Amino acid sequence: KYHAWLEDRRLLEEWESKAAAMRKVTEFRSIQQAIIDTRRASLETELKSLQARQKEILAFESTLPVVEQTLARLREDNLQLDNQRQIRADLTGKMTSQQLEAAELDTTYLALNNQIESLIERISRLDEAVDEVCPVCKKPLTASERQRMVEDLRADQTELEGKRLDLSERIQFCRNQIKTFSSQLDSLADLDLRLQQNQKEITREESRLEQIQEAVQS
């Protein structure tokens, strides 16, 4: 019985030693489990954040074709606006040229009109006067000579009036051209503003495209 008791006590001590070791292992395991749980919670939070970000980027990426199309359209618009700017410069040059021509024609018309009025006055004087003298030899004119001179002056008047009519038509054409050019230039009055706004939109869309590409790459 004594030996049996000794054996039981030895076994008890052995199991108590194992129990103490087990408690240490359990305690260590609990600590490690807490670390794992904490890390898992952190990783799960990070995973959810990344998944949300991924979803956001995928949605962001889906807008890429729209942004590229918008940017292409804006660049095409910019080319057309540049062409319109060249058209405006050409119109300005043409209108200036027409204005100068119209001014010259007005001066010529005025001079021609004065010549015609002078002829009309001379013809009237010849028709009414009987003592008109020759402008060359200063001798009194006979009735036939006066009549012939009147006919010559009227022929000159007819010729000058034809020129005046032609000038009048040319002047009217110039003025119509000036009016047309002016109207066309009025339609391009806001061209610089449209160019500025279009360039701002291009810059904004280029920045947006770059952001999308960088986000997707990241």
On a 0 to 90° scale, report how tilted helix 191-217 is relative to the longest principal axis of the chain, with both axes built from alpha carbons and the result rounded to the nearest 10. 20 degrees
Restricting to Cα pairs under 8 Å and 6 or more apart, the percent relative contact order of the chain works out to 37 percent
On full extension of the chain, what length is gained from N78 through S30, given 0.36 nm per residue of separation minus the C-alpha to C-alpha distance? 10.4 nm
Between the Cα axis of helix 143-187 and the main Cα principal axis of the chain, the angle (0 to 90°, nearest 10) is 10 degrees
Helix 64-128 versus the longest principal axis of the chain: what angle, 0 to 90°, nearest 10, using Cα atoms? 10 degrees
Would you mind calculating the gained length between S118 and R204 on full extension (0.36 nm times residue separation, minus the Cα-Cα distance), in nm to one decimal? 23.9 nm
Hey, how much of the P(r) for the chain falls beyond 31 Å, as a percent of Cα pairs? 69 percent
For region 58-113, I need the span (max minus min coordinate) of the C-alpha atoms along each principal axis, in Å, sorted largest to smallest. 81, 12, 8
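Rule-based calculations on the coordinates, nothing more; no lab input. Not measured: the values here are computed from a predicted model.
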